[in-house]
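Engineer: Input: one structure, supplied below.
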Amino acid sequence: MGASNGEIGNDVPEVLNMALALEQVGGDGSLLNDILRIFMEDAPRRLVDLREALQGEDREVFRRTAHTIKGAAATIAATRVQELAATIEQLADDDDLAIAGEYIEDIGIEIEILVWAIMRAVDS
């Protein structure tokens, strides 16, 4: 069951901590709804950027994109995505794109699950 009238749904799988996310926006459900929608639209594009940077061996774009995903995930209290993005960012900082690339599939799956959960949480 989704949310109505800009309210956040309570039946969201534990891929994000809705209580913490709501707390982080000062209890403003409408604002959180907007932020979740933006994440839902932006995260898949960021994942494409991450893959393209890896293929092009562009370490700086790769690192910056991982950092952006990490920050966005932290904003909505999506811990697993945040942790994976932090790992990818650190590996890019260490100039280890080969190992960082091994995490792309994992973060892609987690983002897909997260987007599904967000679709359940906000008005469609």
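Engineer: State whether the residues of the stretch 36-45 include one that is modelled with pLDDT of 95 or more, of a type in the set (D, E, K, R) and closer than 16 Å to Ile109 by Cβ.
Structural biologist: Within the stretch 36-45, not a single residue is modelled with pLDDT of 95 or more, of a type in the set (D, E, K, R) and closer than 16 Å to Ile109 by Cβ.
Engineer: Now a separate question. So which of Ala74, Ala92, Ala117, Ala121 is under 10 Å from the mean Cα position of the chain (by Cα) and on the phi < 0 side of the Ramachandran plot?
Structural biologist: Exactly one residue qualifies, and that residue is Ala74.
Engineer: Only helices (runs of 4 or more DSSP H) wholly contained in the stretch 26-124 count here; list those with 2 or more residues that are of a type in the set (S, T, N, Q), free of Cβ contacts under 8 Å to residues at least 40 places away in the same chain and under 19 Å from Val15 (Cβ atoms).
Structural biologist: 79-93
Engineer: Restricting to the stretch 100-115, name every residue that is surrounded by fewer than 18 Cβ atoms within 10 Å (Cβ to Cβ) and touching a Lys or Arg at 6+ places or on another chain (Cβ under 7 Å).
Structural biologist: Ile104 - this is the single residue of the stretch 100-115 that is surrounded by fewer than 18 Cβ atoms within 10 Å (Cβ to Cβ) and touching a Lys or Arg at 6+ places or on another chain (Cβ under 7 Å).
The values are calculated or read from the model by the stated rules, or taken from the named source; none is laboratory data. The structure displayed is predicted, hence computed values, not measured ones. Every residue, glycine among them, receives a Cβ derived from its backbone with ideal geometry; neighbour counts consider all protein chains shown.
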